[in-house]
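Okay, so here's the structure we're looking at.
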Amino acid sequence: MERRVKVKVEKLCKSFGDLKVIEDCSFQIYDGEFVCVVGPTGCGKTTFLNMLSSLLKPTKGAVLIDGEEAGPKKHNLSFIFQEPSAFPWLTVEENMAYGLRAKHKDKAYIKEQTEHMMELMGLGKYRRSYPKELSTSTEQKIVIGRAFAMNPDLLLMDEPYGQMDIKTRFYLEDEVIRIWKECQKTVVFITHNIEEAVYLAERVLILTNKPAKVKEEIIIPLPHPRNVEDPEFVRIRNYITDQIRWW
């Protein structure tokens with residue numbers, strides 16, 4: 001069965017004065033796909049993601065979702081940032097419902113989505129707890145659940161596990177894959193960690209140095225959960241590493 005195109009990026013360009021950060025970047029993402037974006041340090045990955053989310057306007061080109069120009073008034077765009085972003089003054093339950101309330105969703109729908117996501121994330125027993133009372137991994141689960149609870153057209157994740165230890169990172173990577181499969185949402189995940197990209201993605205986009213464009217797209221045909229010692233996993237990881245290292 002042919003997959004439907006969810007996101008189409010057409011000749012995207014972004015400049016800050018004379019500095020070209022993104023240039024003539026075109027690709028598409030399919031409905032329900034998990035895509036990771038990698039590239040050299042400082043190549044413009046976060047700028048790239050900010051344009052997908054409409055936080056930044058392109059200098060030229062367009063980002064289309066379901067054939068319409070992407071915008072927060074027309075589409076549900078959820079974003080998970082590098083820094084911890086659970087609201088410390090809200091309980092787990094209140095955090096989970098925050099985005100839905102901001103979108104003025106019906107109270108019954110908010111309750112249903114909040115309960116469903118707390119159950120999926122295993123957070124029900126913490127519903128009245130505050131983030132500071134929880135572990136780092138549990139706090140990040142709140143953020144993941146809050147983003148998926150929005151029923152997003154597109155979920156954008158900007159190196160959300162970069163500051164975590166290896167054990168916590170692998171645990172949360174498995175959690176996000178589990179929730180992604182359950183909710184069948186379209187995810188774009190920025191990371192500098194190539195092993196993480198190969199562990200998570202159905203497809204990896206490799207960006208060039210500035211001005212960034214898509215150098216190559218790599219399909220990852222391995223089933224989840226993935227074994228980082230699998231020879232094919234190692235081969236793909238090494239290949240992507242070489243594509244970033246040599247130009």
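When the Karplus curve 6.51 cos²θ - 1.76 cosθ + 1.60 is applied with θ = phi - 60°, which whole-Hz ³J(HN,Hα) does each residue of the range 122-129 get, with x for Gly and Pro?
Here the 3J(HN,Hα) series is x, 10, x, 6, 9, 4, 9, 8 Hz.
Using a 7 Å offset from the Cα along the Cα-to-Cβ direction at both residue 94 and residue 171, what is the distance between the two label points in nm, to one decimal?
2.6
Work out the FRET efficiency for residue 239 and residue 111 from their Cβ-Cβ distance, taking R0 = 51 Å, and round it to the nearest 0.05.
Working: r = 47 Å, r/R0 = 0.92.
Using R0 = 51 Å, I get an efficiency of 0.60.
Taking 8 Å as the Cα distance limit and 6 or more residues as the minimum spacing, I'd like the relative contact order of the range 80-212 as a percentage.
Numbers: 141 pairs, mean separation 38.7, N = 133.
Relative contact order of the range 80-212: 29 percent.
Filter the cross-link list 11/103; 45/181; 6/74 down to pairs whose alpha-carbon distance in this structure exceeds 21 Å. Write down the numbers at each step before the final one.
Values: 11/103 31 Å; 45/181 25 Å; 6/74 14 Å.
Among 11/103; 45/181; 6/74, the Cα-Cα distance tops 21 Å for 11/103; 45/181.
Length gain on complete extension for the stretch residue 26 to residue 137, per 0.36 nm per residue less the alpha carbon to alpha carbon distance? Present the calculation step by step, with values, prior to reporting the outcome.
Details: separation 111, 0.36 × 111 = 39.96 nm, distance 3.48 nm.
Stretched out fully, the residue 26 to residue 137 stretch lengthens by 36.5 nm.
Sticking with the crude label model, points 7 Å out along Cα→Cβ, report the distance from residue 193 to residue 73 in nm, one decimal please.
Each label point lies 7 Å from its Cα, and together they span 3.9 nm.
Please compute the contact order of the chain in relative form: average sequence separation of alpha-carbon pairs under 8 Å and at least six residues apart, divided by the residue count, as a percent. Please list the in-between numbers first.
Details: 445 pairs, mean separation 67.2, N = 247.
Here the relative contact order equals 27 percent.
Based only on Cα atoms, what Rg/Rh ratio does the chain have, Rh being taken as Kirkwood's radius? Present the calculation step by step, with values, prior to reporting the outcome.
On the way: Rg = 18.0 Å, Rh = 18.7 Å.
Ratio value, two decimals: 0.96.
What number results when the radius of gyration of the range 146-205, computed over Cα atoms, is divided by 2.2 N^0.38 Å?
On the way: Rg = 11.2 Å, N = 60, 2.2 N^0.38 = 10.4 Å.
So the Cα radius of gyration is 1.07 times the expected 2.2 N^0.38 Å.
Less than 21 Å apart at the alpha-carbon level, and either on another chain or at least 8 residues along: which lysines does that give for residue 167?
132, 141
Rounding to the nearest 10 and keeping the result within 0 to 90°, find how far the Cα-based axis of helix 92-102 lies from the longest principal axis of the chain.
Between the helix axis and the principal axis of the chain, the angle is about 70 degrees.
With both bridge residues required to lie in the chain, what share of the DSSP beta bridges run antiparallel, to the nearest 5%?
Working: 20 of 37 bridges.
Just about 55 percent of them are antiparallel.
When a/c is below 1.5 the answer is rounded, else prolate if a/b is larger than b/c, else oblate, so apply that to the range 35-150 with a ≥ b ≥ c taken from the square roots of the Cα gyration tensor eigenvalues. Don't skip to the end; give the middle numbers.
Working: a/c = 2.64, a/b = 1.53, b/c = 1.73.
Cα axes put the range 35-150 in the oblate bin.
With a cut-off of at most 10 other beta carbons within 10 Å, and DSSP calling the residue loop, which chymotrypsin sites (Phe, Trp or Tyr not before Pro) in the range 92-137 qualify? Please list them.
none
Coordinate-derived values only; no laboratory data. Please read these numbers as outputs of a predicted model, since none were measured by experiment. Glycine also receives a Cβ, built like all others from the backbone with ideal geometry; neighbour counts cover every protein chain displayed.
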